[in-house]
Structure formats: C-alpha cells, structure tokens
C-alpha cells in the first residue's frame, strides 16, 4: 500500500507528538514548532534567491538545525523513546562567526534601518521577524515545560544573523539601506 500524506487523525483538532501523546493543535508546543517550520520555509525562500554560494551553504545548515529544533519541540518530553538530533554550542558559534565575518565588510550602523530595498533583503527581514516569534513561542513553552536552553539561544542568534545577512545582501545587491529617522 502506498504512503498517503493525509491520515485524517487530525480532523478533530488534535495531533500527535513524537512519543504518541495527543494534544490540541493550538497547544503552545504546536505553535512553537509550527513557527519554526514557517521560519524554515522563509529560509528556503532566501536560499532560492540570487545570493552567494557561501550564504546558501550556511542557510542549508540553518535549515538542518531548524529541523532539529522542530523535532525536539515535537517530542513528548516524557513519553518519547526516540534518539533525536540535538543543538550544540557549536551551532550557535557558527552563526556568531558568520556575523563577525560579515560585519567586517559592512558600513557602521548609525541608526536603525527600515526593512526593504530589495526583495531578497525583505525576505531576510520577514524571516528575522518569524524567527523572533519562534523564539517567543519557545520561551513561552519553556515556562510550562523546561527546554534545552540552546534551542532558544540558537533562535535568538539566528534572528541576529538574519539581520546581518540582510545588511550584507543590501551591499552585495547594491540596494539602498534606508536609515530610520525618528521624528521628534
């Protein structure tokens, strides 16, 4: 029998975690890994743009790490018996090193910048905002059921990385970086 994508088991508003526990689809755990999945899709959209090969490779690594985070969030912390991949400090260091390398080539920031200037740059800003939401969801879940802190540390650093990437792509694409000028 062929595998079917639809199971009909979620038709009544519940879904299963890794480990078999059924919970409502509106549970904060589902919101957290669903937002990570949304973020992963936006990262794929950035990766599909005309960007340099190195940035594309880093984004593939980020997508892999986001799948890892999604699996950790989708697992019942008590009933899961599967061995799942983990997030490591080295994953966070990679993002920090990438930001440091990009920062060396960027002009100094003297103000906040308005998102936009080029479609690819805008995709980075959208992904950054979704990443911040994913971080907030995981922190909210952490209040109910403690998580490995590397999960939300990674998401925090990833949002910073996406901002720096947006600035680098602004420069690479010869787009205009528009500073925010508050009206006071």
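Let me check against my output: what whole-number percent is the relative contact order of the chain, with C-alpha pairs under 8 Å and at least 6 apart? Walk me through the numbers before you get to the answer.
On the way: 207 pairs, mean separation 48.7, N = 184.
Dividing the mean separation by the residue count of the chain yields 26 percent.
Using a basic spin-label model with each label point 7 Å from the Cα along Cα→Cβ, how many nm lie between residue 8 and residue 153? The two pseudo-label positions are separated by 4.7 nm. Helical content of the chain, expressed as a calculated mean residue ellipticity at 222 nm, amounts to -20000 deg cm²/dmol (DSSP H runs of 4 or more residues, -39,500 (n - 2.57) each, divided by residue number, nearest 500).
Could you sort 160-172, 66-78, 100-112 so that the peptide with the highest average Cβ count within 10 Å comes first and the rest follow in order? Write down the numbers at each step before the final one.
Values: 160-172: 21.3, 66-78: 19.5, 100-112: 10.6.
The most tightly packed comes first, giving 160-172, 66-78, 100-112.
Label-to-label distance, residue 37 versus residue 23, with points set 7 angstrom from Cα along the beta-carbon direction: 1.4 nm. Convex hull volume per residue, computed on the Cα atoms of the chain, equals 164 Å³. Kirkwood hydrodynamic radius of region 118-162, from the reciprocal of the average inverse Cα-Cα distance over all distinct pairs: 10.9 Å. Fully extending the segment from residue 53 to residue 83, taken as 0.36 nm per residue of separation minus the present Cα-Cα distance, adds 7.6 nm.
Work out how much length residue 96 to residue 171 would gain on full extension: take 0.36 nm times their residue separation and subtract the Cα-Cα distance, in nm to one decimal.
Working: separation 75, 0.36 × 75 = 27.00 nm, distance 1.96 nm.
Full extension of this stretch gives 25.0 nm more.
With the gyration tensor restricted to C-alpha atoms of region 1-107, the semi-axes of the equivalent ellipsoid amount to 33, 17, 13 Å, longest first. Taking 0.692 mPa s as the viscosity and 37 °C as the temperature, the Stokes-Einstein diffusion coefficient of region 75-184 based on its alpha-carbon Kirkwood radius rounds to 207 µm²/s.
Every read-out reported here was derived from the displayed coordinates using simple, explicitly stated rules and does not represent laboratory data. Quantities reported herein were computed from a predicted structural model and do not represent experimental measurements. Methodologically, a virtual Cβ is constructed for each residue, glycine included, from the backbone with ideal geometry; neighbour enumeration extends over all protein chains shown.
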